[in-house]
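Read the structure below first, then the notes.
The values are calculated or read from the model by the stated rules, or taken from the named source; none is laboratory data. Predicted, not measured: the structure shown is a model, and the values here were computed from it. Using ideal geometry, Cβ is built from the backbone for each residue, glycine included, and neighbour counts are taken over all protein chains shown. Note: areas computed on protein heavy atoms with side chains; ligands, DNA, RNA excluded. Shrake-Rupley method; radii C 1.70, N 1.55, O 1.52, S 1.80 Å.
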Amino acid sequence: MTRVAFALLLFIICSQENLSAQADDSLSLEEVTISAYLDKQPLLRVPASVTVIDSARINAYPGQSFVSAINTVAGVRMEERSPMSYRLSIRGSLLRSPFGIRNVKVYIDEFPLTDAGGNSYLNLIDLNSIHSFEVLKGPNGSLFGANSGGVVRLSPVGLPVDSFRLSASVGTGSFGFWHEHLKFEKRIGNHVFSISEAVQRSDGYRENSASQRIYFQATEKWNYNPSSEVSAFLFYSNLDYRTPGGLTQDQWNENPRAARPATATLPGASEQKAGVHNRTFYGGIHHERRLGKYFRHVFSVFGSFTEFENPFITNYEIRNENSSGIRSYLEAKNDQQKNFAWKADLGLESQQTLSKINNYENLAGTRGTLEGNAIIYANTEFFFTRLALDLYHRLYIETSASLNTSRYEFVINNSVSGSKNLPAELMPRLAFSLLLTKSLSWRASASRGYSPPTLAEIYPGAAGLNTTLRPEAGWNYETGFRFHDKKGRANWDVCAFYYELENAIVRRIDDNGNDFFQNAGGTKQIGIELQTTTLFYQSETGFLRKLQLINGTTISDFVFSNYISGANDFSGNQLTGVPDLVIVTALELLFPKRISFFFSHNYTEAIPLNDANSVYAASYNVFDLKIGWTHSISRRLLFGANAGVNNLFDEKYSLGNDLNAAGGRYYNVAPVRNYFVSLNLRFG
């Protein structure tokens, strides 16, 4: 961490304090609440590092993917190697994720999107079908099971307060981008239901990077008596996207739009029609009942079916996955007393995933000879408990723990069979939050992170089965301050943490270009995160109606503490894939006639691309611009139009580097300057 980084952090804090002091007293930002900790709580008092991205923030960005909105969160990095190919990291590197999301637990309301094998298909979800999401940073496994990174909780489309709402949008843009979305919401008595569908496609900036997703989602909530409610959620997603593959620096300089070319020993990405085809159906039912004044019982059951195909450079993989599970807890609480309240929870979550995997020879995008197969059954369970005390509405103390178990059973090539039971692991957490004033709180916590290897790491395909891979685990310590201006002008959060991880899992590549994984010893991770939202000005008259600034600053000092691979000692090297400094800033302006202006900037420092730290991706500055206009046609009919530019100043950068890539093929080149327009209608 450099002096420049600290100076910049100090400048941001001081400048916002000074400007906020000049703001009009009529300004107001609503107090933020979160739902991830089993029930709603004011964010000011939550003893954890949590950021909420609401519908207003989501709508401010272009809406093509989760990337722009999530990357405003300090400590979080999301990459898109090609359209709809996501990777997500919370306070860590992407060493475990050549593609996809691992070591982050993802929920949709009470239902885990992450399966028992550890995979989270977030790219199946259409962003416009999500009302808001919450990001819990650091180990939160005491309530959400095994993970050492963090938790993302998605909330489906917000349920209407009136009786009827219909909305539609359509957008188009550069490189063949197209998106349409239709949503219908209705309240009938004690029933509220929502149905939405979306289609998105793109030709992509690079060769072999076309994508398409067809998405359908439905939710229903029924309060069948004053103390009970049942809700249902389901979605179907049909996702297809091509993967252009990484380029060397010379190949990037020669033609940044090219897909990975052929070599003397391997064909190219276009020739092999490299890509992913994912068809998934997911459904769940949630029941909640209040038992008198002091008790509440929650029960959820969920399941999914996935057909997954991945023609790759070296093979053609087909997976059929069936997942199911339950999540349930009983809560007791007493919040009737004036100066003392308590809450206790006891619950469990259990998941099973059966994967049938066949690996074939890839003959220019068609299946050839069967090269190997596997049947793998993954089972994960955890029991969790929590006790929370609220003293004098000022000191909030929370202690929690979970006991986690994982088991794999496998049959490889119809001949080799076996099982692996990972030892039960306890994940405790102790945290508190103290209100120093009505607007300022101080929090601190100590928690243990634990993450077993995912199914894709134990069996990465052509590289074969690896049952020697050990879980990664470690202790995280953090402290921070939150400030919510009593006049509603500012929400600020600054925190510092120290995370020491053992048996960190890293991705390696063999001589044939196949992925495999190994434990890399340990890592030491020190970080500072600053998250601010400041409403400088708001008025119902005049030329400028609103001026708001959002900033997420991440300062990281992540190093390998003990990492020896063969004859190489990487101890003390910067953690692969983690920049030292990231600053994401967004400016929102509102003018008469409901004309809005949204401007964002992402600065990311140089990123080490291999464990030896001999190759770095250059730092970059990316600017986005969006202009919108909203018009009330009638009391119930609203029309909106938006236009904007991504990568306004045509920065040349890679968003989704392939770490430790064979042959120096590190770079997945991001699109040059591109444009988009969209129209939307809302009735109701």
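Tabulated data
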{"item": "The chain: relative contact order in percent, alpha carbon pairs under 8 Å with at least 6 residues between", "result": "13"}
{"item": "More than 28 angstrom apart: percent of Cα pairs within segment 498-645", "result": "45"}
{"item": "Rounded Å value of the spacing that divides the Cα centres of segment 569-639 and segment 74-105", "result": "15"}
{"item": "Interatomic Cα distance distribution for segment 250-339, bins of 10 angstrom, percent", "result": "13, 22, 17, 15, 13, 11, 8, 1"}
{"item": "Options (i) 3, 15, 26, 29, 20, 7, 1, 0; (ii) 3, 14, 22, 25, 22, 12, 2, 0; (iii) 3, 15, 23, 22, 16, 11, 6, 2, 0, 0 - which one matches P(r) over Cα pairs in 10 Å bins from 0, in percent as calculated here", "result": "(i)"}
{"item": "Calculated [θ] (222 nm, deg cm²/dmol) that DSSP helices of n ≥ 4 give over the chain, each run adding -39,500 (n - 2.57)", "result": "-1500 deg cm²/dmol"}
{"item": "The chain - percent of accessible surface contributed by carbon and sulfur, probe 1.4 Å", "result": "57"}
{"item": "At R0 = 30 Å, FRET efficiency that the Cβ-Cβ distance of E229 and A168 yields, to 0.05", "result": "0.55"}
{"item": "Which listed pairs, of K293/K333; K137/K420; K221/K343; K186/K293, have C-alpha distances above 19 Å, in listed order", "result": "K137/K420; K221/K343; K186/K293"}
{"item": "In Hz, Karplus ³J(HN,Hα) per residue of segment 368-380 (6.51, -1.76, 1.60; θ = phi - 60°; x = Gly, Pro)", "result": "x, 5, 5, 9, x, 8, 8, 10, 10, 10, 10, 10, 10"}
{"item": "Local net charge near L387, Cβ-Cβ under 15 Å (Lys/Arg +1, Asp/Glu -1)", "result": "-2"}
{"item": "For segment 472-519 versus segment 303-357, the gap between their alpha-carbon centres in whole angstrom", "result": "21"}
{"item": "Two-site FRET efficiency, A496 against V615, from Cβ-Cβ distance with R₀ of 25 Å, rounded to 0.05", "result": "0.25"}
{"item": "Binned Cα-Cα distance frequencies in segment 626-684 - 10 Å width, integer %", "result": "20, 27, 21, 18, 11, 4, 0"}
{"item": "1.4 Å probe accessible area per residue over the chain, in Å²", "result": "40"}
{"item": "Rg and Dmax [Cα atoms of segment 198-302; Å; Rg one decimal, Dmax integer]", "result": "23.4, 72"}
{"item": "Residues in segment 201-215 reached by a label modelled at Y675 [backbone nitrogen below 18 Å; 7 Å Cα→Cβ]", "result": "203-205"}
{"item": "Charge tally in the Cβ shell below 13 Å around L291, where Lys, Arg are +1 and Asp, Glu are -1, L291 excluded", "result": "+3"}
{"item": "Hz values of 3J(HN,Hα) by residue in segment 277-285 - Karplus curve (6.51, -1.76, 1.60), Gly and Pro given as x", "result": "10, 10, 10, 10, 10, 9, x, x, 10"}
{"item": "Volume per residue of the C-alpha convex hull in segment 139-284, rounded to whole Å³", "result": "175"}
{"item": "Zero-based 5 Å bins, Cα pair distances in segment 293-365, whole percents", "result": "4, 13, 14, 10, 10, 9, 8, 7, 7, 6, 5, 4, 2, 1, 0"}
{"item": "Sequence-separation-based contact order of segment 544-684, relative, with Cα cut under 8 Å and 6+ spacing, percent", "result": "18"}
{"item": "Vicinal HN-Hα couplings computed from phi for segment 213-222 (Karplus, 6.51 cos²θ - 1.76 cosθ + 1.60; Hz; Gly/Pro x)", "result": "9, 10, 9, 9, 9, 9, 9, 8, 10, 9"}
{"item": "Cα-based convex hull, segment 86-159, per residue volume (Å³, whole number)", "result": "87"}
{"item": "Inter-probe distance in nm under a simple model that places probes 7 Å from Cα toward Cβ, at W178 and S565", "result": "4.3"}
{"item": "Exposure ranking of F281, F543, F216 by accessible area [1.4 Å probe, largest first]", "result": "F543, F281, F216"}
{"item": "Surrounding net charge for L38, when Lys and Arg each add one and Asp and Glu each subtract one, Cβ distance under 13 Å", "result": "-2"}
